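Participant: One structure coming up, written as structure tokens, with questions to follow.
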Amino acid sequence: MNKSDITTLSDIKILVDSFYGKVRKNEMLKDIFNSVIEERWPEHLEKMYRFWQTVLLEEHTYYGSPFTPHAHLPVDKAHFEQWIELFFETVDENFTGEKADRAKWQGQRMAEMFNLKINYYRNSSVHPIL
């Protein structure tokens with residue numbers, strides 16, 4: 001397969017659909033995601049398309065706070081490591097280039113920040129604003 005960079009909304013959809021297809025089959029992650037998202041997968045995927053379209057294509061279609069829905073998930077560092085491994089694998093299988101590298105950088109950054117913030121709130125009397 002001749003890989004190119006992430007340049008269109010169609011590319012974003014390939015990335016998101018392929019990645020969450022892996023998440024939904026992954027032994028460590030599937031139950032967490034499926035129990036929270038339940039039957040709302042189409043809406044979740046649409047939100048992820050808009051998020052990555054905003055981040056990678058600079059087409060501002062996502063509004064909101066990405067962390068808030070994750071604040072109380074029963075996850076730890078191992079879950080984020082698995083998440084990022086699947087994300088990098090998906091990017092590398094489908095794309096190459098500056099935007100692909102940015103997607104991996106942004107994914108790594110988000111995983112680290114979400115893990116830190118979840119641990120902070122778990123061990124604090126302070127609660128995130130929902």
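Throughout, read-outs are computed from the coordinates displayed, never taken from laboratory work. Since the structure is predicted, the reported quantities are computational estimates derived from the model, not experimental observations. Note: ideal-geometry Cβ built from the backbone for every residue, glycine included; neighbour counts use all protein chains shown.
Participant: Taking every pair of Cα atoms in region 1-103, average 1/r, invert it to obtain the Kirkwood radius, and report Rg/Rh to two decimals.
Facilitator: 0.95
Participant: Could I ask something else about it? Can you work out the Karplus-derived ³J(HN,Hα) for every residue in region 15-20? Use 6.51 cos²θ - 1.76 cosθ + 1.60 with θ = phi - 60°, whole Hz, and x for glycine or proline.
Facilitator: 4, 5, 5, 5, 5, 5
Participant: In the neighborhood of V23, defined by Cβ-to-Cβ distances under 14 Å, what is the net charge if each Lys or Arg adds +1 and each Asp or Glu adds -1?
Facilitator: Neighbourhood net charge equals -2.
Participant: Go ahead and estimate [θ] at 222 nm for the chain from helices alone: -39,500 (n - 2.57) per DSSP H run with n ≥ 4, summed, over the residue count, rounded to 500.
Facilitator: -21500 deg cm²/dmol
Participant: Turning to a different aspect of this structure: In this model, which of K3/K104; K13/K47; K30/K77; K30/K117 are farther than 18 Å apart at the alpha-carbon?
Facilitator: Too far apart for the 18 Å limit: K30/K117.
Participant: Next question, about the same structure. Can you compute the modelled spin-label distance between H60 and D31, with each label point 7 Å from Cα toward Cβ, in nm?
Facilitator: Here the modelled spin labels are 4.2 nm apart.
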